[in-house]
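The values are calculated or read from the model by the stated rules, or taken from the named source; none is laboratory data. Remember, it's a predicted structure, so these values are computed and weren't measured experimentally. Here Cβ is always computed from backbone atoms with ideal geometry, including for glycine, and neighbour counts include all displayed protein chains.
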Amino acid sequence: MSELSVNSFCPGQRWVSNTEAELGLGIIVDADERMVEISFPAVGERRHYAISNAPLNRVIYHKGDSVSTIDNQLFTIEHIEEDEGILIYAGLTANGEEVNISELELTSFIQFSAPKDRLFAGQLDSPKSFALRYRTLQELETIGQQPVQGLSGARVQLLPHQLYIAEQVASRYAPRVLLADEVGLGKTIEAGMIIHKQLFTGMAERVLIVLPDSLVHQWLVEMLRRFNLSFSIIDQARCEAIEDNENPFESSQLIITQLSFLTENPERLQEALACDWDLLVVDEAHHLEWSESGPSQEYQCVQQLAEHSRGLLLLTATPEQLGIEGHFARLQLLDPDRYPSLEQYLTEEESYTDVNHLVMALQKGEALSDAAVNQLQEWLGEHQWSHYQQLIGEPEKAAQYAIARILDQHGTGRVLMRNTRDNIAGFPSRKLLPYPLPKPADWRDDFSQLERGLDGVLQAEHQWGLSWLNHDDRVQWLKDWLKQHRHEKTLLICHHADTALDLESHIRLRVGLASAVFHEGMSLLERDRAAAYFADQEDGADILICSEIGSEGRNFQFAQHLILFDLPSNPDLLEQRIGRLDRIGQENTVQIHVPYYQDTAQEVLLNWYHQGLNAFEHACPGAHHLRQQFGDTLDQALTNAGAEHSQLHQQTAEARDALNAKLAEGRNHLLELSSFNQEHADELVQNISEHENDGELLDYLESVFDSYGVDSEGHSEATLIMRPGDHMREGHFPGLPEDGFTGTVSRQKALHRDDMQFLSWEHPMVVGAMDMIRSGDKGNTCICSIKLPPLKAGNLLLEAIFTMSYQAPKHLQLSRYMPVQAVRVVVDANDKDFSNIIKVEHFNQLGQKIPKRTAQEIARQGREAITSLIDKAEQMAAPEQEKQRQAALDRANDQLGEEIERLQALAQVNPNIRQEEVEHLITKRDAIREAIASAQLNLDAIRIALTT
């Protein structure tokens, strides 16, 4: 311990800096009437201070303190003497050896961080800092009790079906799941939420995402913008930049790489396999070709990675009916022991028919046959059947209970999750508005002779080169259309960045519309600004002109008009383009405007999309399959644009209808039920919404910024501009870049303004700031004055804050069972307990800051009385230790015990329950019990108040 001494400065004495505690224990080198020079050996620096206001405190240890020498010899002080201003400490080492040590021989590597030590060392904080520390503890307690941890911080719409899947999958240990939602339902968002929750809760630390080349940029941007997850791309350039003999896949915890990079570079695949992955994510998994005769190289690559990763997410929009072999192969990647052979899988699939029929009968409220009743009783078992019988008087409740139990035991949703547009409400209607233009006289149809091939016809600007704006009739049509639809938000997508740039400049200058451009040559910040300018409803752009990248991942549902200046040859890409506006929450019919030249390949492709696939006005889940099926015939039609192609359109439409019928007929009813529970999903949405609307976050951040010297100013409602201040107390504020950023707590605003970050309690800056406050010593000591009329002046009040501390890895999520729960004790010198009488608000509102020197003198002179008060507070708080331990144990036993029993029972009837999952839960429960049993109640902060 140490205290402020009234002694004058004397060379050889040990002092500590109030403002720079990190300098360690200093030694007085020289002192005169005006200045004092002090050396800090721990950091090799010297400081000069004016004696009149030197921010220094004399370090004096006391009997019973344990201290260390320069030679790291630890001893306990028994007696203290003073020799010409220098203290001599006499004591005993651990071996019982007597020592006499001058204070000059004490180690300089010392920090005062415990509240009691800092208090008596004179290192005091302001009442504001103390209040902020306590408030942080309160906020952490609230956050720790939230059932939606890891899901609320994503910049996404709160769509029930996405939240349900993310919560169900991310709550499991090492989830191995196939996400197979139909196009437009947001598989990437679901995967991102799963990744974020697993990382946020400590259930995963290392994630590898393997993608087709075309999706790398989209995923990189989505993970950063929506989830604040900064992934590193590992490609050949990155590998060459890394030193020899260093595994590039060890250079980051979060990595994105291309599947082709791994298949074309076997040595890189081996490096990836040498790493330990908690979660592997593979998009476009339906392209992993497999057959019993031999899997593709891509499939084998993913298979090896899957064997080396604990968790696995496969994303595919292709339903199983498009290829039962391929679907089986993807399931085998998830769990080869569960799916050993195609033959066994087909046999098992047939067994779900009876289960499905019974569930549908229960849903419809139909009377069950005797055979069905017997089957239901067998499936439910004695205990669950008894409970079902008790609910018979309420048929709807009884049916819901039985269905839930059947799905739990016999459903397929443990490994496969799929939602369809048919069972998810909220999508808008779509309308195609084609605009035929006469074929130009100088048009060149033979794209085999054109430098850009088919693109030279589909993207007509290539017909005329650099002067295309003066020849292409689509440009004049666009200008006329825009004049008729001024101030109506319009998104235009074309294939090339050069085309987008030329069009935007032309429209801005010739039509006089507010416009913006968006292409791959822009930086992420520039793209965000362009998207934000377009989203601004009052002063923003009327039209945003995008290159193909504009159809990747962005949300422009506030717009109603979509102009397809050209058509992509890939129908999946067409759906991506339309999907920028066709989203849940779109309030208007999406109007799709397509200018095209008659009697050209443009017309052929448009008609095939519309009359064959019906892809403009409805999502076509089998479009990729149909494009492959009719690819050769379509290619021939594109080369012969002037011919009649009604037969191709009719054949495509018939194949489309047959495929859709097959999908509807074969759709696994059990799967849809297990992939979405409306009631539970609505609870998740409500929990997140309520937590966001509590109005606390901005106010809390303002207090943090004020305390740590971060500059902030209001931007607009619920929005702040934040940047490092000139006088920041810390050299770096967590999560705050050097140039700052603009953030909003409004989810809706964040969804429409890509230039703003979404601020939540899970934002990296907020989490970092709370961790900094919680783990640091700032705010853990305070001395103030307070006027409380019932109390006599000159009385000392102690406000002590205690918290439970434990040693446990993050993945145990101990905070779920033992959340931060501050224990507050207020006691006076007469041992009277004021904890329930004088609230923290009284201290915050009535407490007054007093001069630091005066406060330090109070600590010095009142050391004995304050020590007694602290001892009393510890005695009063002690019962809370066992109380919190027991409450945490009860929560862990109830929650984990119930889940373990459930999975053990399910494993008897549902082979989708992996024994590894059950064993992990048992191990986790035992580790949590051990950590809770060793948790200790420790003093976190002290506030002394002198009554006036």
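Quick grid of which residues meet (1) under 19 Å from ALA329 (Cβ atoms); (2) in the same structural domain as ASP235 (by TED's automatic domain parsing); (3) out of contact with any Cys (no Cβ under 9 Å at 6 or more places or on another chain); (4) β-branched (Val, Ile, Thr):
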residue	(1), (2), (3), (4)
THR257	no, yes, yes, yes
GLU271	no, yes, no, no
SER296	yes, yes, yes, no
GLN303	yes, yes, yes, no
HIS308	yes, yes, no, no
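Of all residues in the stretch 792-824, those being modelled with pLDDT of 90 or more and part of a loop (DSSP other than H, G, I, E, B) number 1. GLU33 is checked against (1) part of a strand (DSSP E or B); (2) surrounded by fewer than 16 Cβ atoms within 10 Å (Cβ to Cβ) and fails just one. What number does that condition carry? All conditions pass for GLU33, except number (1).
Within the stretch 287-300, the only residue that satisfies the criterion of being under 21 Å from HIS217 (Cβ atoms) and either in contact (Cβ under 8 Å) with a residue 60 or more places away in the chain or of a type in the set (Phe, Trp, Tyr) (or both) is HIS287.
Taking the criterion of being within 40 Å of the chain's Cα centre (by Cα) and acidic (Asp, Glu), the only residue of the stretch 381-396 that qualifies is GLU396. From the list GLU246, GLU325, the lone residue that is in a helix (DSSP H, G or I) and modelled with pLDDT under 95 is GLU325.
Quick check: anything in the stretch 842-864 under 44 Å from the mean Cα position of the chain (by Cα), surrounded by fewer than 21 Cβ atoms within 10 Å (Cβ to Cβ) and of a type in the set (Ser, Thr, Tyr)? Within the stretch 842-864, not a single residue is under 44 Å from the mean Cα position of the chain (by Cα), surrounded by fewer than 21 Cβ atoms within 10 Å (Cβ to Cβ) and of a type in the set (Ser, Thr, Tyr).
Here's the yes/no breakdown for (1) modelled with pLDDT under 85; (2) under 30 Å from VAL604 (Cα atoms); (3) surrounded by 15 or more Cβ atoms within 10 Å (Cβ to Cβ):
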| site | (1), (2), (3) |
| --- | --- |
| GLN384 | yes, no, yes |
| GLU394 | no, no, no |
| ALA402 | yes, no, yes |
| HIS410 | yes, no, yes |
| GLN476 | no, yes, no |
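Being small (Gly, Ala, Ser) and outside any loop (DSSP other than H, G, I, E, B) is the filter; apply it to the stretch 274-308 and report the residue that is surrounded by the fewest Cβ atoms within 10 Å (Cβ to Cβ). Once the filter is applied, the top-ranked residue is ALA306.
Looking across GLU81, GLU139, one residue alone is surrounded by 15 or more Cβ atoms within 10 Å (Cβ to Cβ), more than 30 Å from ALA180 (Cβ to Cβ) and at pLDDT 90 or above. It is GLU139.
Just checking, does the stretch 724-734 include any residue being buried (at least 19 other Cβ atoms within 10 Å of the Cβ) and aliphatic (A, V, I, L, M)? No: zero hits. Residues that are basic (Lys, Arg) and either assigned to a helix (DSSP H, G or I) or touching a helix residue (DSSP H, G or I) at 6+ places or on another chain (Cβ under 9 Å) (or both) within the stretch 830-851 comprise just one, LYS849. Among the residues of the stretch 415-468, those that are at pLDDT below 85, small (Gly, Ala, Ser) and under 45 Å from the mean Cα position of the chain (by Cα) comprise ALA425, GLY426, GLY453, GLY456.
When ARG853 is tested against (1) under 30 Å from ASP278 (Cβ atoms); (2) of a type outside the set (Phe, Trp, Tyr); (3) modelled with pLDDT under 90, exactly one condition is not met: (1).
Any residue that is at pLDDT 90 or above, under 17 Å from the mean Cα position of the chain (by Cα), crowded, with 19+ Cβ neighbours inside 10 Å and more than 30 Å from GLU538 (Cβ to Cβ) - is there at least one of those in the stretch 683-690? Among the residues of the stretch 683-690, at least one is at pLDDT 90 or above, under 17 Å from the mean Cα position of the chain (by Cα), crowded, with 19+ Cβ neighbours inside 10 Å and more than 30 Å from GLU538 (Cβ to Cβ), which makes the answer yes.
Which of the residues that make up the stretch 865-883 are surrounded by fewer than 16 Cβ atoms within 10 Å (Cβ to Cβ), under 30 Å from ASN53 (Cβ atoms) and of a type in the set (A, V, I, L, M, F, W, C)? Within the stretch 865-883, just ALA865 meets the criteria. Comparison of LEU151, LEU185, LEU211, LEU163 shows that the only residue that is over 23 Å from SER689 (Cβ atoms) and buried (at least 23 other Cβ atoms within 10 Å of the Cβ) is LEU211. Picking from residues in the stretch 747-772 that are among the acidic types (Asp, Glu) and buried (at least 20 other Cβ atoms within 10 Å of the Cβ), the one that is nearest to LEU224 (Cα to Cα) is ASP754. Checked against (1) modelled with pLDDT under 90; (2) surrounded by 14 or more Cβ atoms within 10 Å (Cβ to Cβ); (3) at positive phi, LEU670 meets all criteria but (3). Those strands (runs of 3 or more DSSP E) of the stretch 38-143 in which 1 or more residues are in the same structural domain as LEU25 (by TED's automatic domain parsing) and under 24 Å from GLN856 (Cα atoms) occupy 45-50, 56-58, 66-68, 74-83, 86-93. Please verify whether ASP528 is of a type in the set (D, E, K, R), touching a Leu at 6+ places or on another chain (Cβ under 6 Å) and either buried (at least 18 other Cβ atoms within 10 Å of the Cβ) or in the same structural domain as HIS462 (by TED's automatic domain parsing) (or both), treating the condition exactly as stated. So ASP528 fails the test. Of the numbered criteria (1) part of a loop (DSSP other than H, G, I, E, B); (2) closer than 24 Å to ALA945 by Cα, the one VAL827 fails is (1).
GLY512 falls short on exactly one of the conditions (1) under 28 Å from THR639 (Cα atoms); (2) among the small types (Gly, Ala, Ser); (3) out of contact with any Gly (no Cβ under 8 Å at 6 or more places or on another chain), and that condition is (1). When PRO568 is tested against the conditions (1) within 17 Å of ALA500 (Cα to Cα); (2) out of contact with any helix residue (DSSP H, G or I) (no Cβ under 9 Å at 6 or more places or on another chain); (3) not β-branched (Val, Ile, Thr), the lone failure is (2).
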